[in-house]
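Laboratory data are not the source of any read-out in this text; all were calculated from the coordinates shown. All values derive from a computational prediction rather than experimental measurement. Cβ sites come from the backbone with ideal geometry, for glycine too, and all protein chains shown count toward neighbours.
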Amino acid sequence: VVGGEEALPTQIQWQVAVQEDGKIHCGGAYLGGCWVLTAAHCVRKKPQAFRIKFSLWKKLSQQSTTDSVPVKDIIIHRDYNPRTYQNDIALIRLDELAHSKECLHPNPAVRSVCVPWSTLQFPPNHTCTISGWGRNKEGGSVYILKWANVSLIPNCKNYYKERFYTGMMCAGDLEGHVDSCQGDSGGPLVCKDESGLSYVWGIVSWGESCGEAGFPGVYTQVAHYFEWIRENTGWPAITKY
Ligand code: 4AZ
């Protein structure tokens, strides 16, 4: 994350870390039950290559409050295009605990985030929050989870021209002070409604560099994939916790 600040431990309770071959390379959002939402470009291997870490704060510390959870299945959108980043969305199905239908031990530091339904809207320039262990502006590694407020930026096509497709959206700050960056991919952009409910409105996907004026971050527009998420998880529209 470029700009923003370090999170407190257990501040971003739906943030997960996606480990590939033991290395954290992406973020994700916990949807509840056995489901994690992430970017398709984060999970292009077999399920056994991945583990999910919950309530992690310091990236390098092995001692987070949960063990990493093995992955049972990865569902990548069938129209995901790795060259254009179209439909950069995937569901991670966690492995059930032994002798249980649950996938997670009860953990007060973990909360799920709501999936927005197709017609939910937030106004242009609404302020939302991104989070992740990705690079900062200097390109340096980030050890503690960071978060930043970003604005929803309308007319993304104006900035990215033919590289912009339906199902994408822009967020950040046109001056380039706040942005997601390499390593934040798959992580959530979360917006709150008037009642205080939090929705995973975007998934960190791509962008022209990081914190570059005139090139905001590009996110998968989760509401566009509501039906896809519902069909693949069987979860109800709103999960209020
Ligand atoms: C990346 O390489 C990446 N500024 C992620 C987000 C952005 C750019 C690059 C958006 O994973």
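Quick notes on this one:
- Links that overshoot a 18 Å alpha carbon limit, given the list LYS23/LYS58; LYS23/LYS53; LYS137/LYS157; LYS45/LYS72; LYS72/LYS101: LYS137/LYS157
- Listed residue (PRO47, HIS224, ASN155) projecting farthest to the positive dipole end of the chain, Cβ model: PRO47
- Here each label is just a point 7 Å from Cα along the line to Cβ, and for ASP67 and LYS46 those points are 2.2 nm apart.
- Binning the alpha carbon pair distances of the chain at 5 angstrom intervals from zero yields the distribution 1, 7, 16, 20, 22, 18, 11, 4, 1, 0, 0, expressed in whole percent.
- Radius of gyration and maximum dimension Dmax of segment 118-241, Cα, Å: 14.4, 42
- Orphan Cys of the chain, criterion: no other Cys C-beta under 4.7 Å: CYS114
- Ranked for footprinting exposure by Cβ neighbours inside 10 Å, fewest first, THR38, THR127, THR119, THR233 give THR119, THR127, THR233, THR38.
- Positive minus negative residues near HIS41 (Lys, Arg vs Asp, Glu; Cβ under 11 Å): +1
- Choice from SER151, SER205, SER195 showing the highest fluctuation, given a GNM over the chain with Cα pairs closer than 10 Å: SER195
- For the chain, built as a Gaussian network whose Cα springs stay under 10 Å, the top-fluctuating residue of VAL36, VAL69, VAL115: VAL69
- Projecting the Cα atoms of GLY139, PRO188, LEU174 onto the charge dipole of segment 120-228, computed from C-beta unit charges around the Cα centre, puts GLY139 farthest toward the positive end.
- Considering only PRO154, PRO106, PRO124, the mean-square fluctuation computed in a Gaussian network model of the chain, springs between alpha carbons under 10 angstrom, is largest for PRO106.
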